[in-house]
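For reference, the structure is listed below as structure tokens.
The values are calculated or read from the model by the stated rules, or taken from the named source; none is laboratory data. Because the structure is predicted, anything quoted here is derived from the model rather than measured. Here Cβ is always computed from backbone atoms with ideal geometry, including for glycine, and neighbour counts include all displayed protein chains.
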Amino acid sequence: MNSQFGLANVWSQGDIVTKSVAVLLLAMSLASWMVIIIKTLDLIKYKKIARASEDFWHSEDFAAGLTKLGADPTNPFRQLALEGREATLHHRNTKAHLHDALDVSDWVTRTLRNAIDEFTAKLQSGLAILASVGSTAPFVGLFGTVWGIYHALLSIGAAGQATIDKVAGPIGESLIMTALGLAVAIPAVLGYNALVRGNKGVLQKLSRFAHDLHAYFVTGARVSAGGQQANVVSMKKA
């Protein structure tokens, strides 16, 4: 037997405002889940790349290290290594420019920082959608509830009957909109927090890699964890 209450009844009995709120919540939910899925897959890929980046420092020369980083142009560690190499060679083999006022250390630092900033912006793209959905969806649902209660009370007043069985159904259906708003907002907030934590871990590894690259391009040695330097490849092989 079909129930006269529930989501189907809310949709069939709702006016244009109620239906618009329901469609908006559905669109917000789809958008947030798309962002969560896409960014999670990207995060898994970047974490895998970050774990493999340590092999770069176990290579005979710079070219072999690049080979170990792979040929994927979206690999931020490979892009960072290429940017650092190009910045070093450009600084040493160019005519007089304004950047000559900077020493090679400052120039490489600037280049690596720009590359990290670009990747950070790419990594965090889409998170604004999750933040917006998480903060606005409950209020969108609440608006739908208030609108539904208003019309339910008008209908009850017009019918002239205010018994509990007449009030409970319409009011309960209106409260469904608040529940839908929370159902949309909670995954968006949890997804946002999880992605921010994951992105922070990837960026920390990228920053450490950039620090080692800076030491390599400036001094020819990587900074070790113990404060000592281990000689690596010669820049002439880069």
(message) Checking ALA52 against (1) assigned to a helix (DSSP H, G or I); (2) under 19 Å from ASP117 (Cα atoms); (3) not acidic (Asp, Glu): exactly one of these is not met. Which one?
(response) (2)
(request) May I ask you to verify whether ALA64 is small (Gly, Ala, Ser), outside any helix (DSSP H, G or I) and at negative phi? (result) no
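Tally the residues that are over 20 Å from the mean Cα position of the chain (by Cα) and not hydrophobic (A, V, I, L, M, F, W, C), restricting the search to the range 26-63.
7
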(request) From the list ALA71, ALA87, pick out the single residue that is under 17 Å from ALA115 (Cα atoms) and at pLDDT below 85. (result) ALA87
(message) Looking at ALA183 and the list (1) at pLDDT 85 or above; (2) crowded, with 17+ Cβ neighbours inside 10 Å; (3) closer than 30 Å to GLY148 by Cα, which single condition is not satisfied?
(response) (2)
(message) Taking the condition of being in contact with a Ser or Thr (Cβ under 6 Å, 6 or more places away or on another chain) and at pLDDT 85 or above, how many residues in the range 146-176 meet it?
(response) 0
